[in-house]
Amino acid sequence: MRSAEIKRATKETDIYLKLCLDGGRQIEVDTGIPFFDHMLTSLATHAGFDIELKAKGDLGVDCHHTVEDVGIVLGKALSKALGDKKGIARFGCSFIPMDEALSFCALDICSRPYLVFKAEFKNQFIGNFDTCMVEEFFRAFAVSGGITLHIENKYGADDHHKAESMFKALAYSLRQAVAIRGDGVMSSKGAL
């Protein structure tokens, strides 16, 4: 099974993550940020990943360090679990609706990190989750995971629905990209 375990402790956060890409959807997430837990649970569920995540951060300051550092750890775990990336489909893309909201994601697991993010939120917070952290999470995840990630909320009225459709679009794109499609590296260069 393709899996990774990462522990990361800084003066701002203490994170433990166990990730399995070929799991049976055993999901335990606790970051101290309920809406973020909901997004990560949706991500793992729809990607088909097992995840055990425990994060403690300086939430008395705000949620920034916790959200960003979870993105870093999740990106590193994905990269570690994929190893040399032999056999993976590499690319994934999806449109995901959630009620009135529609989001799009396209990604390439290619060791060339890049983020294109397009979304506007009406409110500063969803619960105690700062909406500007949606972009920060995706950036940290893409950079640490070596992923070219394009993600866009096409439209929507409810910020919760917009954010959740983006996380689910990432999930379905990841599900496609990490799927085993052969035994070689999916690149004309022979390496990713």
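Just one of the numbered conditions (1) under 13 Å from the mean Cα position of the chain (by Cα); (2) in a strand (DSSP E or B) is not true of His38; which one?
(2)
Quick check on Asp30: is it in contact (Cβ under 8 Å) with a residue 24 or more places away in the chain, touching a helix residue (DSSP H, G or I) at 6+ places or on another chain (Cβ under 9 Å), of a type in the set (Asp, Glu) and surrounded by 16 or more Cβ atoms within 10 Å (Cβ to Cβ)?
no
Filter the range 104-145 down to residues that are part of a strand (DSSP E or B) and more than 15 Å from the chain's Cα centre (by Cα) and give me whichever is nearest to Ala163 (Cα to Cα).
Residues of the range 104-145 part of a strand (DSSP E or B): 104-109, 114-118, 125-126, 129-130.
Subset that is more than 15 Å from the chain's Cα centre (by Cα): 118, 125-126, 129-130.
Working: Lys118: 11, Phe125: 11, Ile126: 9, Phe129: 11, Asp130: 11 Å.
It comes out as Ile126.
Considering each residue of the range 12-56, count those that are at pLDDT 95 or above, more than 16 Å from Gly71 (Cα to Cα) and either touching a His at 6+ places or on another chain (Cβ under 9 Å) or small (Gly, Ala, Ser) (or both), and give that number.
1
Step by step: first the residues of the range 1-11, then only those that are in contact with a strand residue (DSSP E or B) (Cβ under 8 Å, 6 or more places away or on another chain) and part of a loop (DSSP other than H, G, I, E, B), then the one that is farthest from Thr66 (Cα to Cα). Which residue is that? Lay out the reasoning, then the answer.
Residues of the range 1-11 in contact with a strand residue (DSSP E or B) (Cβ under 8 Å, 6 or more places away or on another chain): 1-9.
Adding the requirement that they be part of a loop (DSSP other than H, G, I, E, B) leaves 1-2.
Details: Met1: 28, Arg2: 25 Å.
Among them, the one singled out is Met1.
Note down all Cβ pairs under 9 Å where the first residue falls in the range 159-176 and is hydroxyl-bearing (Ser, Thr, Tyr), the second is surrounded by fewer than 24 Cβ atoms within 10 Å (Cβ to Cβ) and part of a helix (DSSP H, G or I), and they're at least six residues apart or on different chains.
Tyr172/His46
Which residue, of Ala55, Ala44, is crowded, with 23+ Cβ neighbours inside 10 Å, outside any helix (DSSP H, G or I) and in contact with a strand residue (DSSP E or B) (Cβ under 7 Å, 6 or more places away or on another chain)?
Numbers: Ala44 fails: outside any helix (DSSP H, G or I).
Step by step, each of Ala55, Ala44 is checked, and only Ala55 is crowded, with 23+ Cβ neighbours inside 10 Å, outside any helix (DSSP H, G or I) and in contact with a strand residue (DSSP E or B) (Cβ under 7 Å, 6 or more places away or on another chain).
Among the residues of the range 82-92, are any assigned to a helix (DSSP H, G or I), over 18 Å from Lys168 (Cα atoms) and not aromatic (Phe, Trp, Tyr)? Working first, answer last.
The initial filter retains those residues of the range 82-92 that are assigned to a helix (DSSP H, G or I), namely 82.
Filter once more, keeping what is over 18 Å from Lys168 (Cα atoms): 82.
Now drop any that are not not aromatic (Phe, Trp, Tyr), which leaves 82.
Yes, the conditions are met somewhere in the range 82-92.
Give the residues of the range 5-26 that are over 12 Å from Leu53 (Cα atoms) and touching a residue at least 60 places away in the same chain (Cβ under 8 Å), sorted by residue number. Step through it out loud before you land on a result.
First, pick out the residues of the range 5-26 that are over 12 Å from Leu53 (Cα atoms): 9-13, 21-25.
Leu21 - this is the single residue of the range 5-26 that is over 12 Å from Leu53 (Cα atoms) and touching a residue at least 60 places away in the same chain (Cβ under 8 Å).
Filter the range 5-27 for residues that are of a type in the set (D, E, K, R) and closer than 16 Å to Leu78 by Cα; which is surrounded by the fewest Cβ atoms within 10 Å (Cβ to Cβ)? Outline the logic, then answer.
Restricting attention to the range 5-27, the residues satisfying the condition of being of a type in the set (D, E, K, R) are 5, 7-8, 11-12, 14, 18, 22, 25.
Narrowing further to those that are closer than 16 Å to Leu78 by Cα: 5, 7-8, 18, 22, 25.
On the way: Glu5: 13, Lys7: 11, Arg8: 16, Lys18: 18, Asp22: 13, Arg25: 13.
Among those residues, the one meeting the criterion is Lys7.
Against the conditions (1) within 22 Å of Cys63 (Cβ to Cβ); (2) without any contact (Cβ under 8 Å) to a residue 40 or more places away in the chain; (3) out of contact with any Ser or Thr (no Cβ under 7 Å at 6 or more places or on another chain), where does Leu149 fall short? Just the number, please.
Of the numbered conditions (1) within 22 Å of Cys63 (Cβ to Cβ); (2) without any contact (Cβ under 8 Å) to a residue 40 or more places away in the chain; (3) out of contact with any Ser or Thr (no Cβ under 7 Å at 6 or more places or on another chain), the odd one out for Leu149 is (2).
So that you can scan it fast, the table gives a plain yes or no per residue for (1) more than 25 Å from Met1 (Cα to Cα); (2) free of Cβ contacts under 8 Å to residues at least 12 places away in the same chain; (3) surrounded by fewer than 16 Cβ atoms within 10 Å (Cβ to Cβ):
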{"site": "Val73", "(1), (2), (3)": "no, no, no"}
{"site": "Lys85", "(1), (2), (3)": "no, no, no"}
{"site": "Glu100", "(1), (2), (3)": "yes, no, yes"}
{"site": "Lys122", "(1), (2), (3)": "yes, no, yes"}
{"site": "Glu136", "(1), (2), (3)": "yes, no, no"}
{"site": "Gly145", "(1), (2), (3)": "no, no, no"}
{"site": "Ile180", "(1), (2), (3)": "no, no, yes"}
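Hey, can you tell me all the residues within the range 146-187 that are basic (Lys, Arg), in a helix (DSSP H, G or I) and either modelled with pLDDT under 95 or within 22 Å of Ile72 (Cβ to Cβ) (or both)? Before you say what the answer is, go through the steps one by one.
Taking the range 146-187 first, the residues basic (Lys, Arg) are 154, 162, 168, 175, 181.
Okay, now just the ones that are also in a helix (DSSP H, G or I), so 162, 168, 175.
Answer for the range 146-187, where residues must be basic (Lys, Arg), in a helix (DSSP H, G or I) and either modelled with pLDDT under 95 or within 22 Å of Ile72 (Cβ to Cβ) (or both): Lys168, Arg175.
The values are calculated or read from the model by the stated rules, or taken from the named source; none is laboratory data. Quick caveat: nothing in here was measured; it's all calculated off a predicted structure. Cβ atoms come from the backbone with ideal geometry, glycine included; neighbour counts cover every protein chain shown.
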